[in-house]
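*Asks:* Would you mind keeping the following structure in view while I ask a few things?
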Amino acid sequence: MNHYISNHEYVKDSHFDSPQYKVDDEYKEYLKKQGDLDDRLAFHIASLFVRDPIPTYGDEHDESKINDEAITSHFENLQSTNWNSMRFKPPPSKDSKIGWRVEFRTLDIQITDFENAALTILLGMITNVINNFDVDFIMPISMIDENMDRAHKRDAILNEKFWFKTSNIKSDNYKTNILKETDYLRSSCNKDCDSSDSHGSCSTSFEENDKEEYHELYVYEIFEGKSDINFKGILPLIDEYMT
């Protein structure tokens, strides 16, 4: 099960399109009354209990041995069984100075140490781009699920195309022209949406003043860009961040 739990402006209701488990509303309302849990986070936690956890540890069921750290660890046994490409991680204990985190889960171990280090550094640079340039990579969950299915195929990195959001990485200089790009997107909102095909584009207006575009791209096109659709690519953004 996949769904967005954030209430950030980029995560619009139209993106909340994943198949949903039916959770007991009584449990969800109970969670909301216990603290600062909004509707989405309460739904997420309630939905964790639709199945039994994979791991469980005896000491965490012994009331005489339970403390704040054990309680958090017990929750993580449930929380850690529900993730796909990303998952959120709460603080490891009640008094921990470590805050709430988002964990990337897409990387597999590689054959050589160099490859592992290269992918780790690349992911760190992409994280810096997201945090510093405020790039909106949010896509409908249905597209992400389709990408995961394609990624499982042999030689997918070479032969498969993946849905990717292209509407926010278009300008020649992202840092200086982002306002112009926003004006372009707003002026395009009244145009008819492009039709989609197996190797084309899918453009959908989620709000009156926004037009979001998605294309099926090879992995190298996602990183290097594709000029005929005016898509900049991730590597040029990393270069801008470095300079």
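The values are calculated or read from the model by the stated rules, or taken from the named source; none is laboratory data. Everything numeric in this text was worked out from a predicted model, so none of it was measured. Neighbour counts are summed over all protein chains in view; Cβ atoms, including those assigned to glycine, are modelled from backbone coordinates with ideal geometry.
*Asks:* Output the residue which, of all residues in the stretch 91-106 that are surrounded by 12 or more Cβ atoms within 10 Å (Cβ to Cβ) and touching a helix residue (DSSP H, G or I) at 6+ places or on another chain (Cβ under 7 Å), is modelled with the highest pLDDT.
*Replies:* Out of the qualifying residues, it is Phe104.
*Asks:* Could you grab me the full set of residues in the stretch 129-157 that are over 15 Å from the mean Cα position of the chain (by Cα) and not acidic (Asp, Glu)?
*Replies:* Asn132, Phe133, Arg150, Ala151, His152, Lys153, Arg154, Ala156, Ile157
*Asks:* Sticking with this structure for a sec: Name every residue in the stretch 104-124 that is under 19 Å from Ala151 (Cα atoms) and not in a helix (DSSP H, G or I), in order of residue number.
*Replies:* Phe104, Arg105, Thr106, Leu107, Asp108, Ile109, Gln110, Ile111, listed by residue number.
*Asks:* Which one is surrounded by the fewest Cβ atoms within 10 Å (Cβ to Cβ) among residues in the stretch 125-142 that are assigned to a helix (DSSP H, G or I), of a type in the set (A, V, I, L, M, F, W, C) and at pLDDT below 90?
*Replies:* Here the residue is Ile130.
*Asks:* Taking the conditions exactly as written (farther than 19 Å from Val102 by Cβ, more than 19 Å from the chain's Cα centre (by Cα), assigned to a loop (DSSP other than H, G, I, E, B) and modelled with pLDDT of 70 or more), does Lys22 satisfy them or not?
*Replies:* For Lys22, the condition - farther than 19 Å from Val102 by Cβ, more than 19 Å from the chain's Cα centre (by Cα), assigned to a loop (DSSP other than H, G, I, E, B) and modelled with pLDDT of 70 or more - is met.
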